[in-house]
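Here's the structure we're looking at; comments come further down.
The values are calculated or read from the model by the stated rules, or taken from the named source; none is laboratory data. No experiment lies behind these values; they were computed from the predicted model shown. For neighbour counting, all protein chains shown are included, and Cβ atoms are generated from backbone atoms with ideal geometry for every residue, glycine included. Each accessible area value is taken on the protein alone, full model and side chains, heavy atoms only, with ligands, DNA and RNA left out. Shrake-Rupley method; radii C 1.70, N 1.55, O 1.52, S 1.80 Å.
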Amino acid sequence: MPSPPNFTHTVTERFLRYVIIDTQSDPSSSTCPSTDKQRNLGRLLASELQAIGLRDAHLDEQGYVYATIPATSAKKVPVICFCSHMDTSPDCTGKDVKPQIVKNYCGGDIVLSGDPTQIIRAAENPALIDQVGNDIVTSDGTTLLGADNKAGIAEIMDAATFFVAHPEIKHGTIKILFTPDEEIGRGVDKVDLKKLGADFAYTIDGETAGHIEDETFSADSATITIDGVSTHPGFAKGRMEHAIKIAAAIIDHLPKDACSPETTEGKQGFLHPVAISGTLEQATIGFIVRDFTDQGLKEKEELLESIVKAVMKDYPHSTWRLEIAQQYRNMKQVIDRHPEIIDNAIEAIRRTGLKPVKSSIRGGTDGSRLSFMGLPCPNIFAGEHAFHSRTEWVSVQDMEKAMQTIVHLAMIWEERA
């Protein structure tokens with residue numbers, strides 16, 4: 001094994017620069033990207049990549065950033081892509097982010113200065129136990145931080161700069177991809193895989209340092225549409241069948257102690273209502289369905305159908321329909337065919353001095369869909385915690401380890417080619 005590189009420590013400066021740019025995506029928008037402000041970060045990233053010498057770096061019309069780090073090895077090495085998403089979640093405001101750094105964290109709760117009611121509680125963040133002595137970056141409590149996924153972006157950008165500055169380090173061709181709209185499930189809708197030209201990829205979008213994730217939920221959406229019976233309320237007895245009340249009854253009949261996000265963990269899936277709207281005559285309920293197996297998805301969808309049928313028996317003149325749409329599938333089905341992807345990442349993590357941990361994601365990443373589009377793509381830690389909330393945080397040292405993992409990983413692919 002070659003001597004470890006002499007790493008620099010500039011990832012934090014990049015991260016602090018990126019998080020102040022508002023890049024929230026918008027699920028109600030039909031454009032790509034869903035919000036034009038995501039382009040502001042995309043333009044900056046493309047400009048910075050060009051400035052370090054990556055001549056093909058650019059922001060395309062759809063809001064994606066592409067770039068290539070040329071190979072420094074004469075070997076035939078698989079082309080590896082590192083990918084992160086530029087948008088932040090619409091679940092919590094991302095405007096006017098004011099990042100704060102808690103130097104030399106001493107343990108215990110962290111009260112956020114902009115809103116003292118926002119507290120990063122040690123009891124709710126067990127990963128803080130391993131951060132004593134490290135530097136913790138938070139928001140001021142009035143917004144999310146944006147570590148999901150600007151930590152990943154900063155780590156990839158820092159690694160790219162490192163590679164350009166150290167041509168003596170041997171690696172194959174490396175591709176960079178920054179996507180919009182991952183948080184609303186559209187992160188790879190318009191990606192051009194032919195232009196990208198990668199053989200394998202890694203999203204840098206995970207949580208705890210040392211973790212690599214080769215498995216995600218499989219995901220469907222389910223939409224129930226109810227057509228009730230509308231009459232004048234003054235003459236409704238025995239005739240009206242209220243679509244909103246039918247929808248409420250369906251929600252009420254969902255399991256109370258199982259099969260929901262708030263009652264499941266580990267490999268347990270769930271049925272989760274995410275939207276409800278309607279009038280007396282027609283109402284709609286939107287669900288997401290999650291499980292690690294296709295059979296588990298089917299069982300939950302059958303459960304939902306049985307609940308609807310049971311409720312509708314009390315409304316004989318109303319009708320309903322259930323529509324299921326596939327969202328993404330467990331990337332493990334693809335990644336298991338290419339064990340070297342995980343083996344190389346485990347070794348890269350080990351070379352940074354961390355203990356590698358292979359785990360599953362109770363969610364999805366751009367890598368879920370990329371894998372089934374022909375680009376196998378597991379997920380590597382970025383160090384982000386408490387996603388989509390005002391108590392989001394990341395540690396400086398974990399971001400540095402993630403950047404080092406990227407560098408070691410590219411080196412290992414070249415060594416083993």
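Summary of computed values
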item: For region 56-201, alpha-carbon Rg over 2.2 N^0.38 Å; result: 1.28
item: Potential lengthening between His232 and Gln326 on full extension [0.36 nm per residue; Cα-Cα distance subtracted]; result: 29.9 nm
item: Relative contact order for region 302-417, counting Cα pairs under 8 Å that sit 6 or more residues apart, in percent; result: 27 percent
item: Diffusion constant of region 278-417 at 4 °C, which comes from Stokes-Einstein with the Kirkwood Cα-pair radius and 1.567 mPa s, µm²/s; result: 69 µm²/s
item: Of every Cα-Cα pair in region 207-334, the percent that sits beyond 21 Å; result: 46 percent
item: Label-point separation, Arg239 to Asp252 (7 Å along Cα→Cβ), nm; result: 2.5 nm
item: Per residue Cα convex hull volume in Å³ - calculated over region 154-252; result: 205 Å³
item: Built amide H within the under 5 Å cut-off of Ala67, gap 5+; result: Ile176
item: For peptides 96-106, 149-159, 64-74, 251-261, sequence by mean Cβ density within 10 Å, most packed first; result: 149-159, 64-74, 96-106, 251-261
item: Contact order relative to length of region 44-140, as percent, for alpha carbon pairs under 8 angstrom and 6 or more apart; result: 21 percent
item: Nearest-10 value in Å² for the accessible area of Glu302, using the 1.4 Å probe; result: 90 Å²
item: Integer Hz, Karplus 6.51/-1.76/1.60 couplings in order for region 263-279, x for Gly and Pro; result: 10, 10, 7, x, 8, 7, x, 7, 9, 9, x, 10, 7, 9, 8, x, 10
item: Under Karplus coefficients 6.51, -1.76 and 1.60, residue-wise ³J(HN,Hα) of region 162-168 in Hz, glycine/proline x; result: 5, 4, 5, 6, 10, x, 6
item: Lys/Arg +1, Asp/Glu -1 at C-beta; region 211-327 dipole; positive extreme among Leu297, Ala236, Leu322; result: Ala236
item: Peptides ranked, highest mean first, by Cβ atoms within 10 Å: ranges 173-181, 228-236; result: 173-181, 228-236
item: Radius, Kirkwood style, for the chain when every pair of distinct Cα atoms is counted (Å); result: 22.8 Å
item: Dipole magnitude of region 63-212 about its Cα centre (Cβ charges: Lys, Arg +1; Asp, Glu -1), debye to nearest 20; result: 760 debye
item: Reach of Lys313 by Cα under 28 Å, taken over lysines that are not fewer than 8 positions away in the same chain; result: Lys237, Lys245, Lys256, Lys298, Lys300
item: Summed side-chain charge close to Ala248 - residues other than Ala248 whose Cβ falls under 14 Å, Lys, Arg +1, Asp, Glu -1; result: -2
item: Length-normalised contact order for region 264-357 - Cα pairs under 8 Å, 6+ apart - percent; result: 17 percent
item: Cβ-placed point charges (K, R +1; D, E -1), dipole of region 259-417 about Cα centre in debye, nearest 20; result: 180 debye
